[in-house]
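The values are calculated or read from the model by the stated rules, or taken from the named source; none is laboratory data. Computed from a predicted model, the values in this text were never measured in an experiment. Positions of Cβ are backbone-derived with ideal geometry, glycine not excepted, and every protein chain shown enters the neighbour counts. With ligands, DNA and RNA removed, areas are computed over all heavy atoms of the protein, side chains included. Shrake-Rupley method; radii C 1.70, N 1.55, O 1.52, S 1.80 Å.
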Amino acid sequence: MDTWGPDRGARRRAAYRPGPCRQRPRRPRRQKSSTPPPSSASPTPEIIRLERVSKSFPSRGGEVVALDGVDLSIGRGEVFGIIGHSGAGKSTLVRLVNGLEEVTSGRVVVDGVEISALDARALAKQREQIGMIFQQFNLLRSRTVFGNVAFPLWVAGWPKARREERVWEMLDFVGLTQRAWAYPEQLSGGQKQRVGIARALVGGPQVLLADEATSALDPETTGDVLELLRRTNRELGVTIVVITHEMDVVRAIADRVAVLDGGRVVEQGTTFDVFANPAAPTTRAFLRTVLRTRPAPDQLAALRSRGAGRLFTVTVRAGVDVGAVLSDAVAEDGVRFRLHFGEIDILQGQEYGAVTVELLGDDAAVDRVLTRLGEHTTVEEEAA
Amino acid sequence: MNTPWEVLWPLLFESLGQTLYMVAITLVVSGLAGLVVGILLSTTRPGGILAHRGVNAVLNLVVNVFRPVPFIILVAVLGPLTKAVTGSIIGTNAGIFVMCIGAVFSIARVVEQNLVSVDPGVIEAVQAAGARPLRIIVAVLVPEALGPLVLGYTYIVIGIVDMSAMVGAIGGGGLGDFALVRGYQVFRWDVTVVATGVIIMLVQLLQHLGNRLARRVLRY
Ligand SMILES: Nc1ncnc2c1ncn2[C@@H]1O[C@H](COP(=O)(O)OP(=O)(O)O)[C@@H](O)[C@H]1O
Ligand SMILES: [Mg+2]
C-alpha cells in the first residue's frame, strides 16, 4: 500500500488574496453599457447549455422564483464562475445541471444529453459524468477516506481491483495517500474538501460542479483548494463550474464569469472584461469588495483638506501608460502630481484598476494634462 | 416457612432461559420489521428519497393507532389474530407474537427518527454520485445512523424485557411469571426479590452491551 508516493506537499500558493469587505457608496460611472454577450460567444465547443431555464418552488404565499429565464453556455475545458449573493439562485442553477433539481421550464443540456428529459435510472448513470463538491464537504462519516472516494465506483459497479487502483490514483492526485484510512472527523477542512474532490473526480467525469466549495475554508486553505481545482482543469481537462459569493474566488480561477441576481444572469463575459468594465450594479458592488479603486468620502475629504491641487481618478487599462502621460505632464506642462490612492491588478495577463492623483499647477496646464489623459482613458474629477 | 430453594433454582434458570428466548426472537423479528417500516416512514416523507404522501400517511396512521395501546390490552385485543397465527392464545409462542406486534411500532419510530437526522447534504452527495434509493438506504442511511440506531434498539430491548414479564399472564413463562407465581402469589417475598434482581441484572447487562456496541460504531 505504501508504494504510493508521499503527500504532494509542494503545492503552489494560489494567487488568492482576501480582499477588504467594505461597501462604499456607488458612484455614477459608466464606461460601457453593454448587455451580456450572446451565449454563442463561448470560445470553445460547449459542454453545458441552459436554454431559457426557469425554476420555481412552491411556497406558502404562492411560489418562489429561484431562476428566471437563464441562458448560459459553458465551453468544454473552461473554468466558469457563477457569482451572486445569497439567495440569487446559484445552488438551484448548479443542481439543475446534474438533475438534483428539475427545471420548471426550459432545457438543460450537458454533453449533448438533455438532463431535464432523463428518467431516474438514466439520470443516475449520467451523473457519473458530472462530479460535485459542496461547501460542507458532505462526506460519509461511516466510511474512511478510501471508502468515501471508492463510493461512486462501487455504485457504478467497477470491479474491486480496478476500483482500488483508481482510488489510489485519485488519492495521490489530491495528496492524501497518507490519510487513506482516516475517518472524516480526523481531517482538517482543507483535507475534507480534497477528499470531496477525489470522490467527485474518481469516475472520470467531464464536468465538476463546485457549490461554494471554499466558503467554509480559511483564506490559505482556500488558496490550496483553488490550486487543486486549477490542476484538475489543466491536467485532467475537466470543465469546472465554480459557484461562489466571493469575487476573489472568481478572480483566482475563472476564465469566464456570469453574475446572477434575483434568478437572472445580469452580466457575463471573460473574467477580465467583467472586472475591468463592469456594467451591472450588482457586479460593481461585488467588485468593490475586492478592488479599492476609489477613495471613500471621508478619505477624499481628508485628501482635499491637506492638498492644494485638484483630485482626479484615472482608470487604468491594458495598453494605457498612465505613468508616461503624467511624466510628460511634469516635463512639458510644468504640472506636478501626487499619487494618493488606487489599485492596479493583473488579471488574465492584462492590467486594470484605477488611481487617484492630485494635479498641481496652473489651471490651463492641468486642463492640458487632462485632455491628454482623456485621449487614452477615463478621467473623472473628484469634485468637492 | 422455609423457601425450597433446591426446587426453585432450576425453575429460576428455566424461566431465565424462556425470557431470553422470547426477547431474542422478538428482537430479531420486530427489529427487522420495524427497521423496514421505519425506513419507509422516513424515506416517504416529503422531500425524502422515496417521497410519497399516501404511503407515508397510511404508515403514520397505523403506527399512531397501535403504539399507544397498553401492552396488556394489546394481548387481549389481538387474541383472535394470535390464535389464527400461532394456533393458540396462550403459551410462549402466543406471547412472542403479541410482543412482536407491541414492539414493531416503537422500533419503527426509533428508526424513523434516527434516519431523518442523517445530514441531507450527505444524501445529496451520494445522489450526485449516481446512487439510487435502495443503495442509499442500505449503504448510506443505515450506516450513517448506526450509532444512534444501536442505542435506540438497546432502549427497545429493555422495553421488550418488560413486555416479556407481562406475557406470564397468558402462560408465556419467563422471569415475570416466576416472580409472580413462585413468589408474590405464595407470599414468598424473598423469591420475588431474587427474580426481580435477575431481571435487573439482565437489563443492566443488555444496556451495557448496547452502550459498548454504540461506542464502537461511533468510534469514541
Ligand atoms: N427546495 C427549495 N424549496 C423552496 N425554496 C427554495 C428551495 N431551494 C431554493 N429555494 C429558494 O430559491 C432561491 C434561490 O436559492 P439558492 O439557489 O439556494 O440560492 P443561492 O445558492 O444563490 O444562495 C431562494 O429564495 C431560496 O429560498
Ligand atoms: Mg447556495
Tell me the relative contact order for chain A as a rounded percent, counting alpha carbon contacts under 8 Å between residues six or more apart.
20
For chain A, with every protein chain kept in place, what is the accessible area per residue (1.4 Å probe, Å²)?
44
In 5 Å bins starting at 0, how do the alpha-carbon pair distances of region B:1-126 split up by percent?
2, 10, 15, 16, 15, 12, 10, 7, 5, 3, 2, 1, 1, 0, 0
Per residue of region B:39-52, in order, report the coupling 6.51 cos²θ - 1.76 cosθ + 1.60 (Karplus, θ = phi - 60°) as ³J(HN,Hα) in whole Hz, putting x for Gly and Pro.
4, 5, 4, 7, 7, 8, 4, x, x, x, 6, 10, 2, 7
Counting Lys and Arg as +1 and Asp and Glu as -1, each charge on the Cβ, what is the dipole of chain A about the Cα centre in debye, to the nearest 20?
820
Putting +1 on Lys and Arg Cβ atoms and -1 on Asp and Glu Cβ atoms, find which of B:Leu202, B:Gln113, B:Ala57 reaches farthest to the positive end of the dipole of region B:8-218.
B:Ala57
Keeping all protein chains in the complex and leaving out DNA, RNA and ligands, what accessible area do you get for B:Val161 with a 1.4 Å probe, in Å² to the nearest 10?
10
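Compute the Rg to Rh ratio over the protein assembly as shown from the alpha carbon atoms, using the Kirkwood formula for Rh, and round to two decimal places.
On the way: Rg = 34.6 Å, Rh = 29.4 Å.
My calculation of the ratio gives 1.18.
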Probe 1.4 Å, all chains present, heavy atoms only: A:Ser91 accessible area in Å², nearest 10, is 50
Accessible area per residue in Å² at 1.4 Å probe, computed on region B:8-218
49
Alpha-carbon centroid distance for the pair region A:256-289 / region B:1-69, whole angstrom
59
Among A:Leu217, A:Val149, B:Gly38, pick out the residue whose Cα is farthest towards the positive end of the charge dipole of the protein assembly as shown, where Lys and Arg carry +1 and Asp and Glu carry -1 on C-beta, about the Cα centre.
B:Gly38
MRE, 222 nm, helices only [DSSP H, n ≥ 4, -39500 (n - 2.57), over chain A, to nearest 500]
-9500 deg cm²/dmol
Among A:Ala302, A:Val316, A:Leu287, flag the residue with its Cα farthest along the positive direction of the charge dipole of the protein assembly as shown, charges on Cβ as +1 for Lys/Arg and -1 for Asp/Glu.
A:Leu287
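Under unit Cβ charges (Lys, Arg +1; Asp, Glu -1), what dipole magnitude, rounded to 20 debye, does region B:8-218 have relative to its Cα centre? Display every interim value, and only then the final one.
Numbers: 12 positive and 8 negative charges, 50 e Å.
The calculation lands at about 240 debye.
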Let me know the mean shielding of A:134-143 by other chains, meaning the per-residue number of their Cβ atoms within 10 Å of its Cβ.
6
Which FRET efficiency value, to the nearest 0.05, is calculated for A:Val330 and A:Asp218 with the Förster distance at 56 angstrom and r the Cβ-Cβ distance?
0.80
Go from 0 up to the bin containing the longest alpha carbon distance in region A:40-99, width 5 Å each, and give me the % of pairs per bin.
4, 15, 24, 25, 16, 8, 4, 2, 1
Students often forget the sequence filter, so: which lysines lie under 30 Å Cα-Cα from A:Lys125 once same-chain residues fewer than 8 apart are removed?
A:Lys55, A:Lys90, A:Lys160, A:Lys192
Obtain the nm distance between the two label points defined at A:Asp321 and A:Leu236 by a simple spin-label model: each point lies 7 Å from its Cα along the Cα-to-C-beta direction.
4.6
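Given 10 °C and 1.306 mPa s, how large is the Stokes-Einstein diffusion coefficient of region B:8-218 in µm²/s, with Rh as the Kirkwood radius over Cα pairs?
Working: Rh = 18.6 Å.
Roughly 86 µm²/s, to the nearest whole number.
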Averaged over B:130-140, how many beta carbons belonging to a partner chain fall within 10 Å of each residue's beta carbon?
4
